[in-house]
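Accompanying notes for the structure given below.
The values are calculated or read from the model by the stated rules, or taken from the named source; none is laboratory data. Note that the structure is a prediction, hence the values are computed from the model and not measured. Cβ atoms come from the backbone with ideal geometry, glycine included; neighbour counts cover every protein chain shown.
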């Protein structure tokens, strides 16, 4: 099939300060395969300059491999869909400029290796959505006498850092607790959801106490704070320092610190409402029955 | 190895199936795809930490020349402070004056800052990465993930003894504050000379050491939590908010830096005291 | 014969952006068994791209603000082509919807006394946009997502709906789609279906929209026999990135201008002062001095022309570029670096700073940005009844960008997020009420077979044309012939080309198998985009005037008679036809709002 013509952009591209003459072509070494196995395959395309990895993947898709599976949505680093491992480092493909990579040799792009594979660069991220369902949602306290909720910016600031999360799940992918030890998945929330829990625990209007849950079912003790989640976060959220460690300290307050316990008793401060322990993972779905149109079908109540 | 999720809850079936185990994509995890030199960081960290441990054992076994009173300097090595023996009786204070203690007092003292640093969130990261190799780098396999036989070892993080003891970090911090106070006192006495107040190169080193120790101690994650981070509404606790926002959080951002600076300054201060006390060098007086 | 997986629900919602999630929450709260079906993963919808804020007359910053002012701004911004009742409901209910988000855990930026802070935006008389830095859409989507998850609403992710199913009377009774992951067929029996599928941007070449915006909902409604209105009214956002090529079209938030950014041409001139139309002359500063003072004192000074409605700004930029006063990469300069401190810029516009730094290697605190118009939003869409969001097909509802009427000929910034909430809720509620009053549904296997065969046909033609090529040609056609400035001959040419593209699209072939095959997914999306392209082109031919987002070179002025009609497009005998139908008449008490001097 004919190569689609593209608006010529190479001539208008700004010269990169560091590379006097960029190579005429770039090669991506893409993982092709599914559950049954796979392999890296090299695809060489023209080097147009000013592109990100996802652009090159798209050109490969349009010109050489129309069935190359890849997830993407906004291509602006806002939706967190195009997560992959570029040269072995978990990245968003849309936010990785080709000019930051060494293109004199093939650039490897593999799917997130912490998740089960679906096909090519697409992996199964359902584990994350299952964890999300286990977190007791936000529960606000009473309103102010004038019927409003009031919140100061200083309190909002702490929470807003975590609400920047675009759910790209790079942190969940890189976390060795589950990447290298799959058996921990049912008992571990993962960095994304520790950030979510920290957000709820620090939310000035929320009244639930999730600390028991965080330490038991959601397994914060499994985290050994090696900070890879923070390193890969494309939004620059300080997951370890601002979410996980504060949660660990809150768990210490609730569980391990006799002085804190004594202090609460003496001051008779009422404990916040403890959150109901969330159900364990929902079972693997039985997604509807399979029906053949040969037989008459009725779906009614 | 796929993990089967046991149907415990009898919830309604989920439309999007939850699959938490199964074959992964890409080459096996044991194949590191990173092209940068990820080994360098953990190796440097290991070298630095081993260097410090080696030095402090040597310094503790030395059990001498830790106080420079003999050459007219009120310098007490931070590894031997507070002074517990008669060897530093000319110092401004003596805590012990024990003579029944046979081993180097440094071992007794090192327990406290040692415990503080061992349970420190930064050092935990550092040694889990460089000694445990759990993991040595990001997207690099955890050493415990595959044993040579190919059987995965169970990983329990900090949920079991002894690592569950990391949760006592805030208690070690209480002691660390006391020690930071003592080292501050040592820095003040470092300006005391037989003929009155003055300044020598050593005095400045002691001040730098005290500053780094405070920067490290006040930027501690436990401190940050206790001083304000634990508050649900910072806006309703103005003093805690001020401390959290202006002292603890900014220092905490550079906790790693101060962890190393203070480690280094302890070595330098001890070594300097030793060299001065043993007469190997002369401490130049500035004022 | 086709094998399929079947599910039965009261209400099926297609699309899980802001409108879809809000509809699902409401339908579920009303007591309907509700399913949410989306083409991507949950939480990735295009709503996350909305930056500036959600418009609601809360009056937290300006106590003078109220629904009437908001209503008036919306109607004037829409060049009076709006469905007045929708605009009224929107202005009335949006404050309540925003406060509801706060109750669900949203954390907006705050005023010093702890209420929701509001910011200025083009076309809004008062600072009215509740916001979170420049990622308000993400906040809205995440809040609704977490609420929906908390309520246990069923979500079918990565599932593309290809046709609605209808009973003999024509009422919608289900939807048919494919799992993207497995390529398997899935049928939903539903007593009511809500379309909340968003926009159509991918039909054009330079767009701020994500890949999902292929007009699926528009096409589903059209094929089901529903009316579409004013599909020619398409908004080109004035500020999209123009460099590097890969980022071309990406949105640069209007917040940059709200926070002090100005537009300059290659001569350094603030050219917007040369383009103030009479319609807005009264409320716009005519000197640079006055414009600059407005940022500090909004009471005594008029706003600078950089904050005119989007259509005005986009046309002005287009004129400057055509006159040869553009920037090196074919845009104009948006400059905030010389006007605000780096700290201020980084605090107020963090994701813009990030976006330019990462994608263009431009530090917006030091250099001006290069920007140009980019396709952003479609004001037209499925015709709905204002109060219930019901389309002209029984059992089918529409909310959000897919629905038409609310924004008239041009949408004001910030009104889309409030639109999602107000009409998402209304659609969810009326769909649920409709469903609860209806008995069971039966899936018609003949329909399933026919649709399935049609959808899978590209696999039979592995020597057929590559869908990517057809898509690129469609985008080129729409960009060059049905772009920001239109004329009769180009539109007629476009109409002809679309006929050819229909032909080519019906012959595309795809390689490989059904499992997560993007080539096949594009082949399916192509049908929707073509349907949209036909509607837009026909409407544009018929609307012989310039109004809002629709600009005709050959009819440069608005025509008062055409301002009273909707261009209605619908399917008749397998072809799209266009007819003029009158707008609903505004009651007199609302008309008086437009007579008062401001």
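List of remarks:
- In region A:126-165, residue surrounded by the fewest Cβ atoms within 10 Å (Cβ to Cβ) [restricted to those that are facing chain C (nearest Cβ under 7 Å) and part of a loop (DSSP other than H, G, I, E, B)]: A:148
- Enumeration of residues in region A:73-95 that are modelled with pLDDT under 95, surrounded by 24 or more Cβ atoms within 10 Å (Cβ to Cβ) and touching a helix residue (DSSP H, G or I) at 6+ places or on another chain (Cβ under 6 Å): A:74, A:75, A:78, A:79, A:94
- Checking each residue in region C:396-420 for being in a helix (DSSP H, G or I) and in contact with a strand residue (DSSP E or B) (Cβ under 7 Å, 6 or more places away or on another chain) picks out C:401, C:402, C:415, C:416, C:417, C:418.
- No other residue among C:48, C:54, C:11 is in contact with a helix residue (DSSP H, G or I) (Cβ under 9 Å, 6 or more places away or on another chain), modelled with pLDDT under 95 and either under 30 Å from residue C:278 (Cβ atoms) or buried (at least 24 other Cβ atoms within 10 Å of the Cβ) (or both) apart from C:48.
- Within region A:36-62, the only residue that satisfies the criterion of being assigned to a helix (DSSP H, G or I), within 8 Å of another protein chain (Cβ to nearest Cβ) and either in contact (Cβ under 8 Å) with a residue 60 or more places away in the chain or within 11 Å of residue A:26 (Cβ to Cβ) (or both) is A:55.
- Region C:101-115, subset assigned to a helix (DSSP H, G or I) and crowded, with 18+ Cβ neighbours inside 10 Å, residue nearest to the other protein chains (Cβ to nearest Cβ): C:102
- Options C:473, C:449, C:462; residue that is assigned to a helix (DSSP H, G or I), within 11 Å of chain A (Cβ to nearest Cβ) and over 30 Å from residue C:34 (Cα atoms): C:473
- Single match in C:490, C:500, C:496 (criterion: without any contact (Cβ under 8 Å) to a residue 40 or more places away in the chain, more than 9 Å from chain A (Cβ to nearest Cβ) and touching a helix residue (DSSP H, G or I) at 6+ places or on another chain (Cβ under 6 Å)): C:490
- Single condition residue A:172 does not satisfy, out of (1) touching a helix residue (DSSP H, G or I) at 6+ places or on another chain (Cβ under 8 Å); (2) within 8 Å of chain B (Cβ to nearest Cβ): (2)
- Check on residue B:263, assigned to a helix (DSSP H, G or I), within 30 Å of residue B:75 (Cβ to Cβ) and within 14 Å of chain A (Cβ to nearest Cβ): no
- Of all residues making up region B:254-275, the number that are surrounded by 15 or more Cβ atoms within 10 Å (Cβ to Cβ) and either touching a strand residue (DSSP E or B) at 6+ places or on another chain (Cβ under 9 Å) or closer than 30 Å to residue C:107 by Cα (or both): 2
- Taking region C:551-576 as the range and being assigned to a strand (DSSP E or B), within 23 Å of the chain's Cα centre (by Cα) and more than 26 Å from residue C:68 (Cα to Cα) as the test, the residues that pass are C:552, C:567, C:568, C:569, C:570, C:571, C:576.
- Filter pass, residue C:359 being in contact with a helix residue (DSSP H, G or I) (Cβ under 7 Å, 6 or more places away or on another chain), over 30 Å from residue C:22 (Cβ atoms) and either surrounded by 24 or more Cβ atoms within 10 Å (Cβ to Cβ) or in contact (Cβ under 8 Å) with a residue 24 or more places away in the chain (or both): yes
- Entry remark, region A:210-239: residues being more than 8 Å from every other protein chain (Cβ to nearest Cβ), buried (at least 23 other Cβ atoms within 10 Å of the Cβ), under 15 Å from the mean Cα position of the chain (by Cα) and in a helix (DSSP H, G or I) number 2 in total.
- Qualifying residue in region C:83-93 (condition: buried (at least 24 other Cβ atoms within 10 Å of the Cβ), outside any helix (DSSP H, G or I) and at pLDDT 95 or above): yes
- Check on residue C:471, at pLDDT 95 or above, more than 23 Å from the chain's Cα centre (by Cα) and over 30 Å from residue C:124 (Cα atoms): no
- Where helices (runs of 4 or more DSSP H) fall entirely within region C:232-330, those with at least 3 residues that are surrounded by fewer than 21 Cβ atoms within 10 Å (Cβ to Cβ) are at C:278-281, C:288-294, C:310-322.
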